[in-house]
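Reviewing the structure listed below.
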Amino acid sequence: IILRNRTGGDIQFDNEFAGNILFNTSNITRLTINGSGDATFAGNVGVAGKTPAYGLNLAQGTGAGNKIAWTDGTPDFAASIYANSSTDKLTFATKNASNVETTALEIDTSQNATFAGDVYIPEYIYHSGDTNTYIRFTADTQTFRTGGDDRLILTNSLATLSEPLLIDGVSNYTGLEVKGIGSSRPSVNLSVHDAAVFRSSLENYHPNFEQL
C-alpha cells in the first residue's frame, strides 16, 4: 500500500474509537500505537538509516543522528550520550552555562573513565572485589583502610598511622602523630623502637633533619 499526498499537508491515521493503531507486515504486528500515544515496536529499531542489530541501534559518530539526547522546554540542549567514531569512546555530555554541549565523561575501550570535572562521592571508594579495603570520606576526615583495619586517618589537624613505618628497610616507627598540618613548623610526635637507628635512617634520607 502506497500513500501519497499530492496536495501537501499531513497524512493522518486516526482511530476515533477506543483501540490501537496497528502496523503489520506478513500478518504480524510490527508497531502498535495505543490510545495514550505509547508506541511499541515488535523488533529492533534503527535510527538515521542504521540497520538495527540491537533493541535501539545508532550509528557511531558525533552528529545529531548518532546521539541519544535530551532537551529542555525551550528547547535547549540538556544532555547526550554517543559513541565517538574518531576515538572509540563512549561520551556523556551535558550543557554548559551557555547551553552548549560539553563533554563530561569519556569511557575508552579499556573501560578507563575520564571525567572533565570534579567527582563527588557520598562516603566510600572501594577496591573492586575487596570490600574491606577502601578510602572513606567523612566530615573533615579521610580514612585509609586495608584488610579490614584503618591504616591512616587524616583530619584537618591530625594524621594518625596505626602501623609501623619502614625507614631504610627497618620497621622502626611504632606510631606517628602529626599535628598542625599546614603550619610552618608542625608538631611531630614519634614512637620508635630504637632512637639511634631512627635518627641515622632519617638523617640518611633527610640531611636537613633537625632534632628539637
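Scan the range 90-113 for residues that are without any contact (Cβ under 8 Å) to a residue 12 or more places away in the chain and in a strand (DSSP E or B) and the total you get is 1.
Sort out which residues of the range 26-78 are part of a loop (DSSP other than H, G, I, E, B), among the hydroxyl-bearing types (S, T, Y) and loosely packed, with under 13 Cβ neighbours inside 10 Å, and write them in order of number. S26, S36, T51, Y54, T74 - these are the residues of the range 26-78 that are part of a loop (DSSP other than H, G, I, E, B), among the hydroxyl-bearing types (S, T, Y) and loosely packed, with under 13 Cβ neighbours inside 10 Å.
Just for the range 132-157: of the residues that are in contact with a Gly (Cβ under 9 Å, 6 or more places away or on another chain) and either in a strand (DSSP E or B) or touching a residue at least 60 places away in the same chain (Cβ under 8 Å) (or both), which one is most open to solvent (accessible area, probe 1.4 Å)?
Taking the range 132-157 and keeping what is in contact with a Gly (Cβ under 9 Å, 6 or more places away or on another chain), we get 132-133, 156-157.
Add one more test, that the residue is either in a strand (DSSP E or B) or touching a residue at least 60 places away in the same chain (Cβ under 8 Å) (or both), and what stays is 132-133.
On the way: N132: 63, T133: 28 Å².
For the range 132-157, the residue satisfying everything is N132.
Looking across the range 113-136, the residues that are touching a Leu at 6+ places or on another chain (Cβ under 8 Å) and of a type outside the set (G, A, S) come down to T114, F115.
Being among the hydrophobic types (A, V, I, L, M, F, W, C), closer than 29 Å to K67 by Cα and out of contact with any Leu (no Cβ under 9 Å at 6 or more places or on another chain) is the filter here; which residues of the range 14-54 pass it?
A53
Quick grid of which residues meet (1) closer than 17 Å to T62 by Cβ; (2) touching an Asp or Glu at 6+ places or on another chain (Cβ under 6 Å); (3) open to solvent by 70 Å² or more (accessible area, probe 1.4 Å):
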{"residue": "N84", "(1), (2), (3)": "yes, no, no"}
{"residue": "A93", "(1), (2), (3)": "yes, yes, no"}
{"residue": "A97", "(1), (2), (3)": "no, no, yes"}
{"residue": "E106", "(1), (2), (3)": "yes, no, no"}
{"residue": "A113", "(1), (2), (3)": "no, no, no"}
{"residue": "Y120", "(1), (2), (3)": "no, no, yes"}
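The values are calculated or read from the model by the stated rules, or taken from the named source; none is laboratory data. Everything numeric in this text was worked out from a predicted model, so none of it was measured. Virtual Cβ from ideal backbone geometry, glycine too; neighbours counted across all protein chains shown. For accessibility, only protein heavy atoms count, side chains too; no ligands or nucleic acids. Shrake-Rupley method; radii C 1.70, N 1.55, O 1.52, S 1.80 Å.
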